[in-house]
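Heads up, the thing below is written out as structure tokens.
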Amino acid sequence: GAVVSQHPSRVICKSGTSVKIECRSLDFQATTMFWYRQFPKQSLMLMATSNEGSKATYEQGVEKDKFLINHASLTLSTLTVTSAHPEDSSFYICSARREGANTGELFFGEGSRLTVL
Amino acid sequence: LAKTTQPISMDSYEGQEVNITCSHNNIATNDYITWYQQFPSQGPRFIIQGYKTKVTNEVASLFIPADRKSSTLSLPRVSLSDTAVYYCLVARGGKLIFGQGTELSVKP
């Protein structure tokens, strides 16, 4: 099946620093990618839709200046958590849509666990 | 997007058939019903999608009544490795909004 890879899988940083998470579609081109966040024992929350070559669309309540998304190529989207604070500690998961797949079928990455000290 | 409601948790034993029902009263004509499985600290994995009646693949079946206001995911003969959270979603266009999910625990 299609593969979506995230890097890094785990990252620990100090408060105030910025962290970049990469999401790659390894065997297909993805014009659209989605970024989710998941806190322990909770469901996934959609943060934003990443569109190749254009600005990301953010969900209500998600700060676009805090969570910078760049989708510069058809296989790579990045999420940068700027000036991270402990409350940003979470599991960040990206997903991508492959052309020809089912309407509701997204391919998810392995997730990136961010811990802000 | 249509809100979904499903049981928070379910228990089962190895070898049993498990049926998880989801309600989606506000489903629209163009919406599809999709189910995902998620293990701890992993991204969700697509299980099955349907529009109406019954859909079956190698891992599950999905039953959707005529009014489409609910759906039932059926997992035949579950094993310990099926212990996970199962999410029912209504897909419209490309965006997927996850509800609370059902935590399935399979016991020996």
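Every read-out reported here was derived from the displayed coordinates using simple, explicitly stated rules and does not represent laboratory data. Since the structure is predicted, the reported quantities are computational estimates derived from the model, not experimental observations. Quick reminder, even Gly has a Cβ in these numbers, built from the backbone with ideal geometry, and neighbours come from all protein chains shown.
Mind checking which pairs have a first residue in region B:22-34 that is within 18 Å of B:Val85 (Cα to Cα) and free of Cβ contacts under 8 Å to residues at least 40 places away in the same chain and a second that is of a type outside the set (S, T, N, Q) and part of a strand (DSSP E or B), Cβ under 8 Å, 6 or more apart or different chains?
Matching pairs, first to second residue: none at all.
Under the condition of being of a type in the set (Phe, Trp, Tyr) and in contact (Cβ under 8 Å) with a residue 24 or more places away in the chain, which residue from region A:58-105 is surrounded by the most Cβ atoms within 10 Å (Cβ to Cβ)? Write out each step before concluding.
In the first step, residues of region A:58-105 are kept if they are of a type in the set (Phe, Trp, Tyr); the result is A:58, A:67, A:91-92.
Adding the requirement that they be in contact (Cβ under 8 Å) with a residue 24 or more places away in the chain leaves A:67, A:91-92.
Numbers: A:Phe67: 19, A:Phe91: 20, A:Tyr92: 23.
Only one residue tops the list, namely A:Tyr92.
Can you find a residue that is over 26 Å from B:Val90 (Cα atoms) and facing chain B (nearest Cβ under 9 Å) anywhere in region A:91-113? Explain how you work it out, then say what you get.
Of the residues in region A:91-113, the ones over 26 Å from B:Val90 (Cα atoms) are A:113.
Retained after the next criterion (residues that are facing chain B (nearest Cβ under 9 Å)): A:113.
Within region A:91-113, one or more residues are over 26 Å from B:Val90 (Cα atoms) and facing chain B (nearest Cβ under 9 Å).
Is it the case, given these coordinates, that A:Ser43 is hydroxyl-bearing (Ser, Thr, Tyr) and within 14 Å of chain B (Cβ to nearest Cβ)? Spell out the reasoning first.
Values: hydroxyl-bearing (Ser, Thr, Tyr): yes; within 14 Å of chain B (Cβ to nearest Cβ): yes.
The answer is yes for A:Ser43.
I need a count of the residues in region B:65-97 that are at the interface with chain A (Cβ under 9 Å from one of its Cβ atoms) and either touching a residue at least 12 places away in the same chain (Cβ under 8 Å) or assigned to a strand (DSSP E or B) (or both).
Our first condition is that a residue be at the interface with chain A (Cβ under 9 Å from one of its Cβ atoms); within region B:65-97, this holds for B:85, B:87, B:89-97.
Of the ones still in play, those that are also either touching a residue at least 12 places away in the same chain (Cβ under 8 Å) or assigned to a strand (DSSP E or B) (or both) are B:85, B:87, B:89-92, B:95-97.
Summing the residues that are at the interface with chain A (Cβ under 9 Å from one of its Cβ atoms) and either touching a residue at least 12 places away in the same chain (Cβ under 8 Å) or assigned to a strand (DSSP E or B) (or both) in region B:65-97 gives 9.
Restricting the search to region A:36-50, which residues are more than 17 Å from A:Gly109 (Cα to Cα) and either of a type in the set (Lys, Arg) or surrounded by 15 or more Cβ atoms within 10 Å (Cβ to Cβ) (or both)? Before the answer, list the steps.
The initial filter retains those residues of region A:36-50 that are more than 17 Å from A:Gly109 (Cα to Cα), namely A:40-42.
The answer is A:Lys41, and nothing else.
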